[in-house]
Amino acid sequence: MSNSTTVLGPLLQARKVSKRFGGLQALAEVDLEVRQGEHVALVGDNGAGKSTLVKILTGADTPDRGQVWFGGNIVHFHSPLDARRAGIETVYQTLALAEHLDVAANLFLGREEYRLRLGPFSVLNVKSMRSKARDILATTGVQIPDLHAPVLGMSGGQRQGVAIARAAGWGSRIIVLDEPTAALGVQETAKVEEIIRGLKRQGIAMLMISHNLRQVFDLVDTVWVLRHGRMVGHLETRDTKPEEVVAMITGVHEATGTDFA
């Protein structure tokens, strides 16, 4: 269900983006790019500016200076909804799921299908939404035994899977994941990572914020490193050692590779 429109050059790009909050320079002339189908990690210590950059890229905030490009054009998103309509979906750590609704209702949240539209007396097309929900889950590799069960009773990995499936299921051209496995155990983390690999096979681009360097090197093609609001590194994982990334994150040239696991 991904959008396969070919883009010459980067799919998503920040050019010389700067942002200040009062006396704090959160970002200073930051560049970043994600190519079509590429999986990218954005890493950095706490306070490096990762969240600010992601908010700007996904329409939750605006830069003081610089430009955001998407699909080969300069964009001015005024809200995350604008970014979503363009094809950028974001999965935050909070997941933003309606916990008392079932899987299909969550996948179609804000995109409900109706058998009859009569204002407050409208009738949902539950059968159609559940059928399409099964297709979305199958395409993304998310395994949910009971689609009728409320999300509230599901494991952390299943909930994360539902959130990713919702992001991937609507023609998304790129998915932004904010620490997708931070609160998960080993087995659930493995399941979510396999879902992410499925996105790669579908050609859906991904930008992931992560503190887990093992995960970064297992899942992504490219790492961008923020430090004190400046982009200090752009590395291909196949040609890089974790120690090099740690050194850029910390500013310490002699890093052990265990300092940022």
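Can you run down the residue pairs with Cβ atoms below 7 Å, 6 or more apart or on separate chains, where the first is in the range 69-89 and under 16 Å from Gly110 (Cα atoms) and free of Cβ contacts under 8 Å to residues at least 60 places away in the same chain and the partner is of a type in the set (Gly, Ala, Ser) and surrounded by fewer than 19 Cβ atoms within 10 Å (Cβ to Cβ)?
Close Cβ pairs satisfying both conditions: Pro80/Ala60.
Of all residues in the range 73-101, which are loosely packed, with under 13 Cβ neighbours inside 10 Å and out of contact with any helix residue (DSSP H, G or I) (no Cβ under 9 Å at 6 or more places or on another chain)?
Selection gives Asn73, Ile74, His78, Ser79, Leu81, Arg85, Thr94.
Among the residues in the range 166-187, are any surrounded by fewer than 21 Cβ atoms within 10 Å (Cβ to Cβ), basic (Lys, Arg) and part of a helix (DSSP H, G or I)?
No, that holds for no residue.
If you take the residues of the range 196-229 that are part of a loop (DSSP other than H, G, I, E, B) and touching a residue at least 60 places away in the same chain (Cβ under 8 Å), which of them is surrounded by the most Cβ atoms within 10 Å (Cβ to Cβ)?
In this case the residue turns out to be Ile204.
I want to confirm something. Restricting to the range 230-242 and keeping residues that are of a type in the set (D, E, K, R) and part of a strand (DSSP E or B), which single residue is farthest from Glu38 (Cα to Cα)?
Ranking the qualifying residues of the range 230-242, first place goes to Arg230.
Give the residue that is nearest to the chain's Cα centre (by Cα), with candidates limited to residues of the range 151-181 that are touching a residue at least 40 places away in the same chain (Cβ under 8 Å) and farther than 22 Å from Leu57 by Cα.
So the residue we want is Val162.
Select, from Arg111, Arg115, the only residue that is more than 22 Å from the chain's Cα centre (by Cα) and outside any helix (DSSP H, G or I).
Values: Arg111 fails: more than 22 Å from the chain's Cα centre (by Cα).
After applying the criteria, what remains is Arg115.
Can you name the residue in the range 123-145 that is hydroxyl-bearing (Ser, Thr, Tyr) and modelled with pLDDT under 90 and is also surrounded by the fewest Cβ atoms within 10 Å (Cβ to Cβ) among such residues?
Thr139
The values are calculated or read from the model by the stated rules, or taken from the named source; none is laboratory data. Worth saying up front: this structure is predicted, and the values here are computed from it rather than measured. Heads up, the Cβs are rebuilt from the backbone with ideal geometry, glycines too, and the neighbour counts pull from every protein chain shown.
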